[in-house]
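Below: one structure, written as structure tokens.
Just so you know, all these numbers are worked out from the coordinates, no wet-lab data involved. Because the structure is predicted, anything quoted here is derived from the model rather than measured. Ideal geometry is used to build each Cβ from the backbone, glycine not excepted, and the neighbour counts take in all protein chains shown.
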Amino acid sequence: MDSENQILPGHGALAAWEIASVTSSVLIAEWILSAAAGAGKAVVAIPISLAFILMIGSHSLRGESLRDLGFRFDNVFHALKLLLLPMLIIAIASLLVGLALGAKPNFLRWHPERWLVAQIGLGFAWGFVQQYVLQSFVNRRAQVIWGPARMSIFLTGVTFSLLHLPNPSLMVVTLIGGVIWAAVYQRAPNLFALAISHSVMTWVLVSTLPVSALNHLRIGFKYFS
Amino acid sequence: MDTKSRARLIHLLISKSTAEALLIAAVAVSFYFATTNLNLRGVLDKADRQIVSGWAVDEGNPGARVEVQLYIDDRFVADAPADKYRPDLSEAKRAQDDWHGFHFQTPQLSPGDHEARVYAVHASGGGARRTLQLIGKPYRFRLE
């Protein structure tokens with residue numbers, strides 16, 4: 001070990017620092033800037049942009065290819081096959097919980113001002129971005145710390161859940177979803193399949209659970225508005 | 001990952017943290033100035049079983065009447081403009097006119113120690129945000 005290497009943090013510590021840094025950027029945007037920025041909401045984009053610069057820089061420095069990250073098509077069906085059963089179970093559970101809480105399912109409730117197909121398309125794009133951060137970055141860095149195992153899957157789910165503070169219902173479903181998606185990604189890394197699942201599951205949850213339970217999917221400081 | 005790449009990644013992480021710290025500091029300072037009226041002056045003169053009174057002037061806009069809110073024992077009591085007759089303020093060159101006093105009727109309170117606070121309401125963000133600024137100091141009083 002040379003002298004320069006001795007003062008650098010280890011691989012695990014560096015990966016943990018990267019996860020903490022990206023997570024903190026999102027929390028800063030959700031909790032500090034969206035509350036304090038007033039009319040200048042564009043300022044929220046600054047920490048998010050910094051997080052993306054860090055993630056892209058990190059991929060480059062670690063020599064990760066787009067294929068490694070999950071930008072690929074060869075395993076879409078394999079990933080979708082792995083996702084199908086958990087998605088079905090969660091959809092049925094969500095329907096039953098919604099009915100138990102007195103909610104009538106309404107599959108046109110998710111942004112009714114838009115065409116449903118367009119909304120699911122937007123959900124796919126937004127889900128793709130979230131899954132990229134969650135899986136291609138957080139999950140992969142968690143694997144640097146613990147390897148492809150339960151702990152890295154759990155950390156990915158917990159991180160996803162924490163980013164949905166303080167919405168309790170959303171934290172529960174994102175913890176479950178985050179763990180399932182992380183486990184599937186470790187077996188079949190494909191962001192397109194995960195984004196499809198993300199969008200469809202958001203649609204199902206919004207359509208079946210009471211509006212009051214999800215509080216319009218609001219998170220961070222906006223949850224209280 | 002070689003040592004050079006690790007060092008670069010650490011530089012990237014430090015640079016990002018520094019940029020975010022500067023951003024938060026800038027937002028905090030601008031938030032303070034947006035939500036605080038530095039020209040506000042006022043005193044809570046008196047609080048007893050019958051009345052809570054004092055004055056408030058916005059020296060940046062001396063013709064305006066400051067909206068004030070009374071809290072007793074941390075509970076909201078009333079909201080009113082500071083537009084009551086206070087000739088001593090213009091005599092002391094605190095205000096341009098004589099109408100910057102406030103009077104609140106003290107509500108029914110149990111015997112014992114109480115604390116009155118009066119806050120000026122400061123609107124910012126085009127009226128979307130309203131923040132409270134304490135006028136003078138909290139006033140403690142005792143009812144027998």
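Summary table below
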quantity: Cut-off under 5 Å, modelled amide H: who pairs with B:D83 long-range; calculated: B:G101
quantity: Candidate lysines - alpha carbon under 16 Å from B:K46, same-chain residues fewer than 8 apart omitted; calculated: B:K84, B:K137
quantity: Cα-Cα separations in chain B greater than 23 Å, expressed as whole percent; calculated: 50 percent
quantity: Of the chymotrypsin sites (Phe, Trp or Tyr not before Pro) in region A:86-121, those whose Cβ has at most 15 other Cβ within 10 Å and which sit in DSSP loop; calculated: A:F107, A:W115
quantity: Choice from B:V52, B:V121, B:V29 with maximal GNM fluctuation in chain B (Cα, 10 Å cutoff); calculated: B:V29
quantity: GNM flexibility winner over chain B from B:K84, B:K46, B:K93 (Cα, springs under 10 Å); calculated: B:K93
quantity: Calculated [θ] (222 nm, deg cm²/dmol) that DSSP helices of n ≥ 4 give over chain A, each run adding -39,500 (n - 2.57); calculated: -20500 deg cm²/dmol
quantity: Ranked A:W31, B:W55, criterion: other C-beta atoms within 10 Å, fewest first; calculated: A:W31, B:W55
quantity: Crossing angle, helix B:3-35 versus chain B [Cα axis fit, 0-90 degrees, rounded to tens]; calculated: 20 degrees
quantity: Kyte-Doolittle at least -0.5, axis length at least 20 Å by Cα - qualifying DSSP helices, chain A; calculated: A:11-27, A:45-61, A:76-100, A:116-131, A:168-187, A:191-208
quantity: Range of Cα positions in the protein assembly as shown per principal axis (Å), largest first; calculated: 83, 63, 41
quantity: Under 12 Å from the Cα of A:K41 - aspartates and glutamates, other chains or at least 8 residues apart; calculated: A:E30
quantity: Between region A:180-203 and region B:43-113, the Cα center-to-center distance that results, in Å; calculated: 60 Å
